[in-house]
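Visitor: To start, I am sharing the structure in question, which I have written as structure tokens.
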Amino acid sequence: MSKQVALLQGNEACALGAIYAGCDFFGGYPITPSTEVAEEMALMLPRSGGKFIQMEDEIAGIGTVLGAAAAGAKAMTATSGPGFSLMMELLGYGCMAELPCVIVNVQRGGPSTGLPTKGAQADMLQARWGTHGDHQAIALCPSSIEECFTQTVKCFNLAERFRMPVLLMMDEFIGHMREKMTIPQPGELETYTHPRPKIKPAEYRHFGEGTGVGGAYAAMGSGYRFNITGLTHDPKGFPTNRADETKWKMDRLRAKVADHLPELTEVEREFMDDAEIVIFSYGAAARTAQQAVREARAQGVKAGLLRPTVVWPFPDQVVTEALRQARAMVVAELNQGQMILEVERANRTHTRVLPALRYDGEMITPAEVMNVIAEAAR
Amino acid sequence: MSKRHEIRLSGSGGQGMITAGVILAEAAGVYDGQNVVQSQSYGPEARGGASKAEVIISDQEIHFTKATAIDILLAMTQEAWDKYSHDLKSDGVAVVDSFYVKEVDRPGVHKLPLAQMARQEVGIEMVANIIALGAIAGITKVVTRESLEKAVMSRIPKGTEDKNRQALEIGFRLAAGV
């Protein structure tokens with residue numbers, strides 16, 4: 001079969017990536033600028049034997065996704081800011097009940113209904129802390145159409161392996177942009193499906209072994225009996241108030257991410273070997289940063305780029321090391337300063353950290369980033 | 001072609017500017033083998049309001065995704081011209097619809113009867129965007145005619161092939177007269 005080169009929108013590439021990963025359920029409610037993800041899934045899922053359901057709102061949408069996940073489906077939803085806010089309570093349920101699913105947020109300007117047709121990266125901390133209670137988050141952030149595809153596949157793999165909701169934090173710029181990409185052939189990218197238990201049903205504990213990462217777990221209706229609930233629960237899933245069981249559950253939830261940080265650290269580096277001014281940027285803004293780094297180099301400024309593709313968990317160690325190496329770090333993002341707070345938290349060396357921010361619905365330009373690089377170089 | 005070409009197609013919502021942008025990007029990217037980024041900006045409304053699509057074509061990797069120094073501008077309405085012509089380069093090429101755009105504040109603008117030809121020769125104004133693409137490709141050679149025709153055929157509704165082929169032909173004819 002010859003390689004297929006196609007001109008795709010980010011949202012289309014995301015949907016194609018989901019199908020590639022084996023997604024067989026989509027539930028949601030359409031919202032600009034994410035609607036094309038739902039449209040494509042509504043077209044493709046019936047053809048591949050999957051199910052698509054449009055619910056009455058985003059709360060019900062994520063509800064169906066969690067239900068489908070519990071029943072063993074590879075499930076996803078896609079939304080934008082207002083819908084993402086509505087999903088926060090059930091996102092926490094997904095974390096607590098350890099339900100693997102993928103939630104795509106094609107970020108637009110906010111707060112509230114904000115700017116439906118314009119892009120932003122202003123839900124980055126909501127992705128981490130939007131649902132209440134101590135919990136972990138895994139979130140990826142694509143900067144190109146190809147990454148919309150490959151990272152969606154990766155989101156499903158991580159969800160299956162870590163047994164938790166995984167977030168794809170796109171933005172309107174990437175979601176509605178078109179680039180050409182070569183569609184990966186079957187088998188070209190890794191697709192992971194969690195193993196099913198082989199032990200006798202009577203011996204099965206749904207939240208049994210270790211942290212559950214990479215382990216086997218059963219689907220509801222498959223003959224293995226277990227309970228799922230948003231209440232703190234014991235290894236069989238039944239509610240508990242006991243301090244020791246509560247601590248066990250909370251430690252388990254934390255450890256499944258905290259114990260696998262190297263696997264969950266993914267940072268692209270450009271021109272970093274001798275970089276004195278390091279730009280930290282992600283998603284659509286990183287495209288501008290890539291241009292700015294090259295323009296700075298052309299002017300003799302030793303600039304480099306750190307571009308995390310996994311944004312949560314935050315790549316503390318990589319950023320701390322880069323800050324140690326750099327004279328200054330410029331954080332380019334499309335909000336009033338969100339991930340810069342994490343950069344400052346990781347700053348052990350009192351290195352200067354400067355913001356390059358834009359939050360008027362338009363894309364930050366290389367000239368704007370260059371101005372901050374010039375200030376950093378002074 | 002060894003440089004970055006920034007093309008902006010602007011008009012009113014519903015005039016098919018985004019469709020035209022997608023077609024141009026597909027012609028350049030998929031069929032001509034260039035690197036390409038296509039983006040757009042539009043308001044929350046489905047019809048009306050200024051609308052623009054931008055296409056960046058380059059033989060190099062494209063990092064920054066927006067057009068800021070326009071090489072080729074299409075304006076289908078006066079509002080689009082007024083709003084989107086400010087960053088057209090001094091040596092840039094401008095094509096405007098001669099019926100809807102009356103006032104242009106620079107010399108050398110190609111005023112072409114895009115909507116008028118669509119109505120008179122094809123019978124529907126809807127294909128004015130395809131006439132415009134033909135004219136732009138004819139004048140600037142930013143994409144090959146063969147690739148543009150393939151891209152048009154792959155992106156239009158079934159049953160409209162003849163009208164769109166005719167529109168493209170008119171566009172190249174207008175370009176030949178420039």
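Please treat every number below as a calculation from the coordinates, not as lab data. This one's a predicted model, so the numbers in the text were calculated from it and none came from an experiment. As a convention, Cβ positions derive from the backbone with ideal geometry for all residues, glycine included, and neighbour counts pool all protein chains shown.
Visitor: Test of understanding: ordering A:Phe26, B:Phe64 by Cβ neighbours within 10 Å, fewest first, what list do you get? Could the numbers behind the result be given before it?
Guide: On the way: A:Phe26 31, B:Phe64 23.
Exposure proxy ranking, most exposed first: B:Phe64, A:Phe26.
Visitor: Sort A:Ile228, A:Ile373, A:Ile199 by Cβ crowding within 10 Å, fewest neighbours at the top. Before the final figure, lay out the partial values.
Guide: On the way: A:Ile228 20, A:Ile373 25, A:Ile199 12.
Neighbour counts put them in this order, fewest first: A:Ile199, A:Ile228, A:Ile373.
Visitor: Quick check: residue separation of A:Lys236 and A:Ala374 times 0.36 nm, minus the Cα distance between them. What number comes out in nm? Working shown, then result.
Guide: Details: separation 138, 0.36 × 138 = 49.68 nm, distance 5.80 nm.
Going from the current span to full extension adds 43.9 nm.
Visitor: Still on this structure, please answer the following. Please state, as a whole number in µm²/s, the translational diffusion coefficient that the Stokes-Einstein equation yields for the stretch A:267-377 at 20 °C and 1.002 mPa s, with Rh defined as the Kirkwood radius across alpha carbon pairs.
Guide: Stokes-Einstein gives a translational diffusion coefficient of 160 µm²/s.
Visitor: Then there's this: Per 10 Å bin from zero, what fraction in whole % of the C-alpha pairs of the stretch A:155-244 is there, up to the bin with the longest pair?
Guide: That works out to 13, 32, 28, 15, 10, 1, in percent per bin.
Visitor: Could you compute the net charge surrounding A:Phe314? Neighbours are other residues with a C-beta less than 11 Å from the C-beta of A:Phe314; K and R count +1, D and E count -1. Write down the numbers at each step before the final one.
Guide: Numbers: positive: A:Arg128, A:Arg345; negative: A:Asp316, A:Glu342.
In short, 0.
Visitor: Shifting gears a bit: Using only DSSP helix segments of four residues or longer, with each worth -39500 (n - 2.57), what per-residue ellipticity at 222 nm results for chain A after dividing by its residue count and rounding to 500?
Guide: Using -39500 (n - 2.57) per qualifying helix, the result is -11500 deg cm²/dmol.
Visitor: Separate question: Beyond 28 Å between alpha-carbons counts as too far, so tell me which of A:Lys236/A:Lys256; A:Lys302/B:Lys66; B:Lys102/B:Lys150; A:Lys3/A:Lys74; A:Lys74/B:Lys66; A:Lys180/B:Lys158 fall in that bin. Present the calculation step by step, with values, prior to reporting the outcome.
Guide: Values: A:Lys236/A:Lys256 18 Å; A:Lys302/B:Lys66 25 Å; B:Lys102/B:Lys150 33 Å; A:Lys3/A:Lys74 26 Å; A:Lys74/B:Lys66 35 Å; A:Lys180/B:Lys158 23 Å.
B:Lys102/B:Lys150; A:Lys74/B:Lys66, as the Cα separations exceed 28 Å there.
Visitor: Output the relative contact order of chain B, whole-number percent, from Cα pairs under 8 angstrom with separation of 6+ residues.
Guide: On the way: 374 pairs, mean separation 39.8, N = 178.
Relative contact order of chain B: 22 percent.
Visitor: What number comes out for the charge environment of A:Tyr93, summing +1 per Lys or Arg and -1 per Asp or Glu over other residues with Cβ under 15 Å away? Show your work: numbers first, answer last.
Guide: Numbers: positive: A:Arg163, A:Lys249; negative: A:Glu58, A:Glu89, A:Glu98, A:Asp134.
Surrounding charge for A:Tyr93 is -2.
Visitor: If the viscosity is 1.002 mPa s and the temperature 20 °C, what translational diffusion coefficient in µm²/s does Stokes-Einstein give for chain B when Rh comes from Kirkwood over Cα pairs? All intermediate terms of the calculation are to be shown ahead of the outcome.
Guide: Values: Rh = 15.8 Å.
D, rounded to a whole number, is 136 µm²/s.
Visitor: Place a +1 charge on the Cβ of each Lys and Arg in the stretch A:267-377 and a -1 charge on the Cβ of each Asp and Glu, then give the dipole magnitude about the Cα centre in debye, rounded to the nearest 20.
Guide: Details: 12 positive and 15 negative charges, 39 e Å.
Once rounded to the nearest 20, the dipole reads 180 debye.
Visitor: Hull surface divided by four, with the convex hull built on the Cα atoms of the stretch A:297-345: how many nm²? All intermediate terms of the calculation are to be shown ahead of the outcome.
Guide: Values: hull surface 16.6 nm².
Result: a mean projected hull area of 4.1 nm².
Visitor: Can you find, among B:Gln60, B:Val104, B:Asn35, the residue sitting farthest towards the positive end of the charge dipole of the stretch B:1-109, where Lys and Arg contribute +1 and Asp and Glu -1 at Cβ?
Guide: Towards the positive end, the residue furthest out is B:Val104.
Visitor: I've got another one for you. When only Cα pairs under 8 Å and 6 or more residues apart are kept, what is the percent relative contact order across chain A? Numbers along the way, then the final one.
Guide: Details: 840 pairs, mean separation 60.3, N = 378.
Computed over chain A, the figure is 16 percent.
Visitor: Given all pairs of different Cα atoms, what value in angstroms does the Kirkwood hydrodynamic radius of the protein assembly as shown take? Before the final figure, lay out the partial values.
Guide: Numbers: mean 1/r = 0.0401 Å⁻¹.
Across the protein assembly as shown, the inverse of the average 1/r is 24.9 Å.
Visitor: A follow-up question, please. Could you list A:Cys95, A:Cys23 so that the one with the fewest beta carbons within 10 Å of its beta carbon is first and the one with the most is last? Mind dumping the intermediate values first?
Guide: Working: A:Cys95 20, A:Cys23 25.
So the residues, fewest neighbours to most, are A:Cys95, A:Cys23.
Visitor: Using amide H atoms built 1.01 Å from N in the peptide plane, name the residues 5+ places from A:Thr240, or on other chains, whose amide H lies under 5 Å from its own.
Guide: Answer set, sorted by chain and number: A:Thr232, A:His233, A:Asp234.
Visitor: Report, in order of residue number, the helices in chain A meeting two criteria: a C-alpha extent of 24 Å or more along the helix axis, and a mean Kyte-Doolittle hydropathy of at least -1.0; treat each whole DSSP H run as one helix. Please report the intermediate quantities before stating the final value.
Guide: Values: long enough: A:145-162 (25 Å, 0.02).
Those that pass (Cα extent of 24 Å or more, hydropathy at least -1.0) are A:145-162.
Visitor: Please list the equivalent ellipsoid semi-axes of the stretch B:104-178, computed as the square roots of five times the alpha-carbon gyration tensor eigenvalues, in descending order and whole angstrom. The partial results should precede the final answer.
Guide: Numbers: eigenvalues 86, 47, 17 Å².
Values for the stretch B:104-178, descending: 21, 15, 9 Å.
Visitor: Hey, another quick one. Say the dipole of the stretch A:248-370 comes from +1 at the beta carbon of Lys and Arg and -1 at that of Asp and Glu; which of A:Ser281, A:Gln336, A:Ala346 then lies farthest toward its positive end?
Guide: Value computed over the given set: A:Ala346.
Visitor: Using only the Cα atoms of the stretch A:4-183, each taken as one equal point scatterer with no solvent, compute I(q) by the Debye sum, divide by I(0), and report log10 of the ratio at q = 0.08, 0.13 Å⁻¹.
Guide: -0.20, -0.53
Visitor: Explain nothing, just the number: dipole magnitude of the protein assembly as shown about its Cα centre with +1 on each Lys and Arg Cβ and -1 on each Asp and Glu Cβ, in debye rounded to the nearest 20.
Guide: Working: 57 positive and 66 negative charges, 119 e Å.
Result for the protein assembly as shown is approximately 580 debye, rounded to the nearest 20.
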